[in-house]
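The values are calculated or read from the model by the stated rules, or taken from the named source; none is laboratory data. These numbers come from a predicted model, not from an experiment. Positions of Cβ are backbone-derived with ideal geometry, glycine not excepted, and every protein chain shown enters the neighbour counts. For the accessible areas, the whole protein counts, side chains as well, though only heavy atoms, and no ligand, DNA or RNA atoms are used. Shrake-Rupley method; radii C 1.70, N 1.55, O 1.52, S 1.80 Å.
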Amino acid sequence: MPFLAGLTFALVLHRSLRHVAVAGTRLYFNLFLVLYALQGVGIGLRFGYGIETLAPFLPVSAAAMPPLAFLAFQALTTQRVVSQWVHLAAPAAVAMAVWANRNLVDPLLLVIFISYGALLYQMTRTGGEVAMERAPFHRVTAVLRAARLTAGLMLFFGASDGLLWLYASRYGNSGVPVAVSLMNLAPILAVLIYYLAAGDDASAGGATAATAKVSDDDREIVAKVGAALEDRKLYKRDDLSLTKLARQAGVPARNVSAAVNRVTGLNVSQFVNGYRVAEACRLLQETDMSSTQVMLESGFSTKSNFNREFRRITGQSPSEYRSRCRAKEAASR
């Protein structure tokens, strides 16, 4: 069960973060995923097959995972990054406890998992594009849900390990293997819920009607963003993120998100997709490109996102739009 849970969660995070490349992100995620999978194997070998030689190493590797996950997701934000070396304190403290006083290992792991889980969840509280503003627009939803899934599992494992520690200290270790197996059902169930949720390339953040008063500054910001998208054809870049768009427009990212929402009632991803769909409509009408070629040329990365956004804006599928355009052309001759 630990091996299966570790492998399942590792595959989900890998799928969620594919095509997301920010300095340091891939390194941290790859280390985290490898360590998570190996941890599952180690726990399975120890509790399933009684290989106790792994006992001193498992707590240290467990303590390294929360900092790695936190650093990986933090790289997708513009939060000020404290020295990365500070995060070595977690596994270092556990290693010292393994060597000096084993009774401190479980309390330390409890604090590490709960603390990093809370920090990671807090990071996602901003919501949508602003929370993970360095991620490409079409990956923000998947990244955000992956971050919350990771934070939830950190909190769960911190709490469950704490309860397991209390149980073992009172009743002994006889029931620990079964408890560990049951605990690892949680990641598998979480992954199932994850896949039952909305598609991972859905537009980030909820689009709501603008209710706040629109200022002249808001209109000016939206005009700058629109000019950057149109003049430089930024919407054609499938790696376009809120950070990159804001930099090109010369406006802080948070101001871009707030202004676009107030003026248009859309989030930035949907606003950008409006330009992409307009380009797709032009290509469908004026060229004989295939639907896939049109999708890629207009800046979309996945067929599902292209079809969903095209229908949201035009009320038709791409093929229906092209057919109607051709029919109108034929009728006007």
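A quick yes/no check of all residues on (1) part of a helix (DSSP H, G or I); (2) open to solvent by 10 Å² or more (accessible area, probe 1.4 Å); (3) at pLDDT 80 or above; (4) of a type in the set (Lys, Arg):
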site	(1), (2), (3), (4)
Leu4	yes, yes, no, no
Phe9	yes, no, no, no
Leu13	yes, no, no, no
Leu35	yes, yes, yes, no
Gly40	yes, no, no, no
Phe47	yes, yes, no, no
Pro67	yes, no, yes, no
Phe73	yes, no, yes, no
Val82	no, yes, no, no
- Item | Verdict on Arg247 being under 20 Å from His138 (Cα atoms), surrounded by fewer than 16 Cβ atoms within 10 Å (Cβ to Cβ) and either hydrophobic (A, V, I, L, M, F, W, C) or at pLDDT below 95 (or both) | yes
- Checked Glu329, Glu320 against criteria (assigned to a helix (DSSP H, G or I), farther than 24 Å from Val225 by Cβ, open to solvent by 70 Å² or more (accessible area, probe 1.4 Å) and among the acidic types (Asp, Glu)); the one match is Glu320
- With the checklist (1) assigned to a loop (DSSP other than H, G, I, E, B); (2) open to solvent by less than 70 Å² (accessible area, probe 1.4 Å) in hand, flag the one item Leu283 doesn't pass. (1)
- Task: Please state which of the following conditions Val86 fails to meet, knowing it meets all the rest: (1) of a type in the set (Val, Ile, Thr); (2) open to solvent by 20 Å² or more (accessible area, probe 1.4 Å); (3) not in a helix (DSSP H, G or I).
- Result: (3)
- For residues that are under 25 Å from Met295 (Cα atoms) and surrounded by fewer than 22 Cβ atoms within 10 Å (Cβ to Cβ), tally how many sit in segment 250-265. 2
- Among the residues of segment 149-165, which ones are under 15 Å from the mean Cα position of the chain (by Cα) and crowded, with 18+ Cβ neighbours inside 10 Å? Leu149, Thr150, Ala151, Leu153
- Message: Restricting to segment 290-307, name every residue that is part of a helix (DSSP H, G or I), open to solvent by less than 70 Å² (accessible area, probe 1.4 Å) and touching a residue at least 24 places away in the same chain (Cβ under 8 Å).
- Response: Ser291, Val294, Ser304, Asn305, Phe306
- Regarding Val105, is this residue assigned to a helix (DSSP H, G or I), open to solvent by 20 Å² or more (accessible area, probe 1.4 Å) and out of contact with any Cys (no Cβ under 7 Å at 6 or more places or on another chain)? no
- Item | Among the residues listed as Val260, Val272, the single one being touching a residue at least 60 places away in the same chain (Cβ under 8 Å) and touching a Phe, Trp or Tyr at 6+ places or on another chain (Cβ under 7 Å) | Val272
- Item | Of all residues in segment 49-63 being assigned to a helix (DSSP H, G or I) and in contact with a Leu (Cβ under 7 Å, 6 or more places away or on another chain), the one that is surrounded by the most Cβ atoms within 10 Å (Cβ to Cβ) | Ala63
- Task: Could you list all residues from segment 238-264 that are assigned to a loop (DSSP other than H, G, I, E, B), under 28 Å from Arg322 (Cα atoms) and out of contact with any Ser or Thr (no Cβ under 6 Å at 6 or more places or on another chain)?
- Result: Asp239, Leu240
